[in-house]
Each structure stands twice: as C-alpha cells, then as structure tokens.
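Visitor: Have a look at this one before I ask anything.
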Amino acid sequence: MAISQAQFDLAKADPKLANIVYHDWEAESYDDKWSISYDQRCVDYARNCFDHVVPRESQGSDLAGSRVVELGSGTGFFLLNLMQSGIGGSGIVTDLSSGMVSVAVRNGKNLGLDVTGLVADAELLPFVDSSVDLVVGHAVLHHVPDLDALFAEVNRVLRPGGRFVFCGEPTQKGDLVARALSRLTWWTSTRVTQLPLLVDKWARPAHELAESSREAALEAVVDVHTFDPNQLARVALRNGCVDVSTVTQELTASWFGWPVRTFESSVKAGALGFGWANFAFGTWKKLDSLDRNVFSKIVPDRYFYNVCITGVAP
Ligand SMILES: C[S@@+](CC[C@H](N)C(=O)[O-])C[C@H]1O[C@@H](n2cnc3c(N)ncnc32)[C@H](O)[C@@H]1O
C-alpha cells in the first residue's frame, strides 16, 4: 500500500502515528520482507525464544489451554507459531495497526487456530482486570513510547500468577553494531550493483530504492527505544510485576543476520534464489548455536543484540 506525502510528513513528527502508517503500509508484504513463515522453521524459532527466557521446567502444565494475548502482533509471527508449538488454547492478536491485525487474523484462520484480533494500543489494553493467562510480544516494546504504561497494563490484565514474555528487543550496544553493519552493507551493495556487468541482474530499480529510503525514514521514527537489560527489568518491577528476569540472544548471529537482510533488500527481487536462502539461514543457525553454547558464557549480556524479558503478576 502506498502512502501519500501528507501522511508521510505527519507521521514523521509522531511516533505513534508513524507506527500506524508504517505498519499499515507494510502489512501485506511484511511476512515476505522478514522471511516469516508458519512452518516448523519459525515454530521452532518462536518456541526457542520463549523457552530461552522461561525454561520448560518452569512453564507449568496449564500453558496449553491458556488465554493468550499478543501485543504488537504484527502479522502474528510470535503468537501463531507459539500456538502451533502447544502454547495457548485461544489467542488474541492486538496491534496499533489495523492492517497488521487483519493479516494476523487471516494467518491464524488459515492455520486453523482459535484466534481473534483487536486494534489496540499496548499502553491502554481493552481487557478487564485479571482476565488473561499469558501476555506475549516480539519486537514490540522498542516501539512503545510509554513503557511504564505498558507494564502497568500488562500487570493489570494478567490474572494473579499470570506471566508475560517479550522477546526480540534490541539492546543498546547490539543495535549500534547492527545498524553500523547494515549501513555499510547498504552503501557497498547499492554501489557495487550499479557496475555495468552487474546492473541488469542485480540492481534494484531506482523507484524501488526511493521507496526504500522513505521506509527507512519512517523506520527511524517508529524505533523509539533500545535497551539496557537491567533498566528494562526495572521498568517492569516498578509497575508491580514480580519474578522479573531478562536474557539476551544473538551476538555473532546478529553480526551476520543484519547485513544479510540489508543485502537482500538492496538487490533486485528474485536475484538471489533458494540456494542463497538456505546458505543464509543455515549460517545464521550455526552462529546462533555458537552464541548460545560458547559466547553466552564469556561475553556480557549487554553486547548481544536481543533482550527478552519475563515476569509474573503478583
Ligand atoms: C517490529 S513489528 C513486530 C511485529 C511482530 N510482533 C513480529 O515480531 O513480527 C512491531 C509491531 O508493533 C506494533 N506497535 C507499535 N506501537 C504499538 C503500540 N503502542 N501498541 C500496540 N502495537 C504497537 C506495530 O504496529 C507493529 O506491528
């Protein structure tokens, strides 16, 4: 969906409006852009994130039938894949962007899951007190201006003992490195693909690159925070949540993954093919395993790219 110049100018001055405009704009192409799927690859990815922050032995036996709400669901990547892995009997996908909610509900129905959708601001949730068993989210906290309001709402809607799990949030240091690598990749790739020998097969058409620059300008507005894991935990604690803990993920995997994603979006659609996709995912998986099994034991957690947080309503 294209956006008008007037919408674009208004959105650049207001992070919440920017989130609506940008994510409505992206909704129909979002799964393709981020290689999101609802098969075993992404089911395993979502469940591994969840299990990394809440180890299986601490999950309890009642997760399977629980009422789960996702905040900032986008197209449903996290909740729909968690449900397929056995978490949640019924799910409610919520998002500020109505375009995203429509796609998430459609994805859920296509998978045969018990899923409904609501357009909702994570700072003001449309649920009565103590009515939800589990709140989840992936890559949403860094878009929400008032995190105190969000955690107060999460605490309010969860039943006593109910849990929240948020994954995929950028750390301050991880984000600095990822953005620097991505900028360098974009700069190099958009120049190399203009070389006469490569331009026909590899270069993205100029109008697509211009559209990408507009997207990047709004992306800079929708990304409100990066996190220090301890400071993030303190926000949840001061809003009444208990048993709060954080873990981080992806060090070398993010140094590889961000440039790869940037490279993919800088070249002509279809130029890379299936062999590239296999190589990229296979290498990312190996690096992720190296990060979990080796670097997580020796590198301070603030250097990893993703922070995940969990806690419980008292
Ligand atoms: C980076 S996307 C992540 C989507 C999805 N969770 C995923 O991991 O693929 C962030 C989502 O959060 C939504 N969002 C941003 N601000 C929000 C807010 N205040 N309340 C609810 N959703 C919000 C956006 O519309 C967008 O769909």
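Visitor: Suppose we filter 313, 253 for residues that are touching a residue at least 40 places away in the same chain (Cβ under 8 Å) and over 17 Å from the mean Cα position of the chain (by Cα); which single one remains?
Guide: Matching residue, one of 313, 253: 313.
Visitor: Follow-up question, since we're still on this one. Inside segment 48-83, can you point out the residues that are open to solvent by 20 Å² or more (accessible area, probe 1.4 Å), at pLDDT 95 or above and away from the ligand (no atom under 15 Å from the Cβ)?
Guide: Those that are open to solvent by 20 Å² or more (accessible area, probe 1.4 Å), at pLDDT 95 or above and away from the ligand (no atom under 15 Å from the Cβ): 51, 67.
Visitor: Residue 17 fails exactly one of the following numbered conditions: (1) in contact with a strand residue (DSSP E or B) (Cβ under 6 Å, 6 or more places away or on another chain); (2) within 14 Å of the ligand (Cβ to nearest atom). What is the number of that condition?
Guide: (1)
Visitor: So which residues in segment 190-224 are closer than 20 Å to residue 168 by Cα, open to solvent by 50 Å² or more (accessible area, probe 1.4 Å) and not hydrophobic (A, V, I, L, M, F, W, C)?
Guide: 219
Visitor: List pairs: first residue in segment 202-225 and within 15 Å of residue 29 (Cβ to Cβ), second residue charged (D, E, K, R) anywhere in the structure, Cβ distance under 6 angstrom, at least six positions apart or on different chains.
Guide: Between residues of segment 202-225 that are within 15 Å of residue 29 (Cβ to Cβ) and residues that are charged (D, E, K, R), the close pairs are 204/268.
Visitor: Kindly indicate which of 138, 143 is within 19 Å of the chain's Cα centre (by Cα), open to solvent by 20 Å² or more (accessible area, probe 1.4 Å) and under 19 Å from residue 88 (Cα atoms).
Guide: Criteria check complete, one pass: 138.
Visitor: Considering only residues that are under 14 Å from residue 241 (Cα atoms) and in contact with a helix residue (DSSP H, G or I) (Cβ under 8 Å, 6 or more places away or on another chain), look in segment 134-153 and name the one that is farthest from the ligand (Cβ to nearest atom).
Guide: So in segment 134-153, the residues under 14 Å from residue 241 (Cα atoms) come out as 134-135, 147-153.
Pick out the ones that are also in contact with a helix residue (DSSP H, G or I) (Cβ under 8 Å, 6 or more places away or on another chain) and you get 134-135, 147-148, 150-151.
Numbers: 134: 15, 135: 12, 147: 10, 148: 13, 150: 8, 151: 13 Å.
Here the residue is 134.
Visitor: Within segment 50-67, can one find any residue that is part of a helix (DSSP H, G or I), under 14 Å from the mean Cα position of the chain (by Cα) and not charged (D, E, K, R)?
Guide: yes
Visitor: Just the residues that are within 10 Å of the ligand (Cβ to nearest atom), part of a helix (DSSP H, G or I) and open to solvent by 40 Å² or more (accessible area, probe 1.4 Å), please, taken from segment 84-126.
Guide: 98
Visitor: Now a separate question. Which of the numbered conditions does residue 235 fail, given that it passes all the others? Conditions: (1) part of a helix (DSSP H, G or I); (2) in contact with a strand residue (DSSP E or B) (Cβ under 8 Å, 6 or more places away or on another chain); (3) surrounded by 16 or more Cβ atoms within 10 Å (Cβ to Cβ).
Guide: (2)
Visitor: Name, by its number, the condition in (1) part of a strand (DSSP E or B); (2) of a type outside the set (Lys, Arg); (3) open to solvent by 20 Å² or more (accessible area, probe 1.4 Å); (4) touching a Cys at 6+ places or on another chain (Cβ under 6 Å) that does not hold for residue 155.
Guide: (1)
Visitor: Keeping to segment 189-201, report how many residues are assigned to a helix (DSSP H, G or I) and either under 26 Å from the mean Cα position of the chain (by Cα) or in contact (Cβ under 8 Å) with a residue 40 or more places away in the chain (or both). Even if it seems obvious, please write down each step before you answer.
Guide: Of all residues in segment 189-201, those assigned to a helix (DSSP H, G or I) come to 189-192, 199-201.
Now drop any that are not either under 26 Å from the mean Cα position of the chain (by Cα) or in contact (Cβ under 8 Å) with a residue 40 or more places away in the chain (or both), which leaves 189-190, 201.
Residues flagged as assigned to a helix (DSSP H, G or I) and either under 26 Å from the mean Cα position of the chain (by Cα) or in contact (Cβ under 8 Å) with a residue 40 or more places away in the chain (or both) within segment 189-201 amount to 3.
Visitor: Give the residues of segment 154-164 that are more than 15 Å from the ligand (Cβ to nearest atom) and either β-branched (Val, Ile, Thr) or closer than 19 Å to residue 307 by Cβ (or both), sorted by residue number.
Guide: Scanning segment 154-164 gives a single hit, 163.
The values are calculated or read from the model by the stated rules, or taken from the named source; none is laboratory data. Not measured: the values here are computed from a predicted model. Cβ sites come from the backbone with ideal geometry, for glycine too, and all protein chains shown count toward neighbours. What goes into the accessible areas is simple: the full protein's heavy atoms, side chains included, and nothing from ligands, DNA or RNA. Shrake-Rupley method; radii C 1.70, N 1.55, O 1.52, S 1.80 Å.
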